[in-house]
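Participant: Below is a structure I'd like to ask you about.
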Amino acid sequence: QVQLVESGGGLVQPGGSLRLSCAASGRGLSSGTTAWLRQAPGKERELVSQITSDSGTMYEDSVKGRFTMSRDNAKNTVYLQMNSLKPEDTAVYYCKFQFFGYNFWGQGTQVTVSS
């Protein structure tokens, strides 16, 4: 069983930064693909970014150039560095780990961008 624990969310002003963390136990994150998804009130959950087992990354168009996803294999943790935050980035952010067709989710962390 894989357990994922997100942290780092909070309230930040527009233009500010946050770094989300997703710490895993039960399996190494480098063995699969880890993704950050977000869900705003009244909207569907959407993919924000992901990192593959060989460290390839992808980003949703609206966050390109502002968000950076990385992985620390020694700590078995992935990060999402979010800069130049906008009110439309407000959402619950979830970490998802996928390998061999299995999906594991974290509990989510709230990010609120507001003045």
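Participant: Taking the stretch 47-62 on its own, how many of its residues are touching a strand residue (DSSP E or B) at 6+ places or on another chain (Cβ under 6 Å) and of a type outside the set (S, T, N, Q)?
Facilitator: Adding up the residues that qualify gives 6.
Participant: Restrict the check to the stretch 54-61 and report whether at least one residue is assigned to a helix (DSSP H, G or I) and either surrounded by 14 or more Cβ atoms within 10 Å (Cβ to Cβ) or within 13 Å of the chain's Cα centre (by Cα) (or both).
Facilitator: Start the filter on the stretch 54-61 by keeping residues that are assigned to a helix (DSSP H, G or I), which leaves 61.
When the remaining residues are screened for being either surrounded by 14 or more Cβ atoms within 10 Å (Cβ to Cβ) or within 13 Å of the chain's Cα centre (by Cα) (or both), the result is none.
Among the residues of the stretch 54-61, not one is assigned to a helix (DSSP H, G or I) and either surrounded by 14 or more Cβ atoms within 10 Å (Cβ to Cβ) or within 13 Å of the chain's Cα centre (by Cα) (or both), which makes the answer no.
Participant: Could you list, ordered by first residue, the pairs with Cβ atoms under 7 Å in which the first is in the stretch 10-29 and within 20 Å of residue 78 (Cα to Cα) and the second is among the charged types (D, E, K, R), at least 6 apart or interchain?
Facilitator: 20/6; 21/6; 22/6; 29/71
Participant: Given the condition loosely packed, with under 12 Cβ neighbours inside 10 Å and assigned to a strand (DSSP E or B), answer yes or no: does some residue in the stretch 86-102 qualify?
Facilitator: yes
Participant: Condition check: under 17 Å from residue 18 (Cβ atoms) and open to solvent by 30 Å² or more (accessible area, probe 1.4 Å). Does residue 78 satisfy that?
Facilitator: Here the answer is no, as residue 78 does not meet what is asked.
Participant: Can you confirm whether residue 37 is over 12 Å from the mean Cα position of the chain (by Cα) and buried (at least 19 other Cβ atoms within 10 Å of the Cβ)?
Facilitator: No; evaluated as a whole, the condition is false for this residue.
Participant: Can you name every residue in the stretch 76-101 that is among the polar types (S, T, N, Q) and touching a Lys or Arg at 6+ places or on another chain (Cβ under 8 Å)?
Facilitator: 77, 81, 83, 84 - these are the residues of the stretch 76-101 that are among the polar types (S, T, N, Q) and touching a Lys or Arg at 6+ places or on another chain (Cβ under 8 Å).
Participant: Name every residue in the stretch 1-29 that is over 12 Å from residue 106 (Cβ atoms), open to solvent by 50 Å² or more (accessible area, probe 1.4 Å) and either of a type in the set (Gly, Ala, Ser) or within 10 Å of the chain's Cα centre (by Cα) (or both), in order of residue number.
Facilitator: Across the stretch 1-29, the qualifying residues are 15, 17, 19, 26.
Participant: Taking residue 78 as the residue in question, decide whether it is part of a strand (DSSP E or B), farther than 17 Å from residue 113 by Cα and either among the polar types (S, T, N, Q) or touching a residue at least 24 places away in the same chain (Cβ under 8 Å) (or both).
Facilitator: Yes, satisfied.
The values are calculated or read from the model by the stated rules, or taken from the named source; none is laboratory data. These numbers come from a predicted model, not from an experiment. Ideal geometry is used to build each Cβ from the backbone, glycine not excepted, and the neighbour counts take in all protein chains shown. Remember, those area values only see protein heavy atoms, side chains included, never the ligands or the DNA or RNA. Shrake-Rupley method; radii C 1.70, N 1.55, O 1.52, S 1.80 Å.
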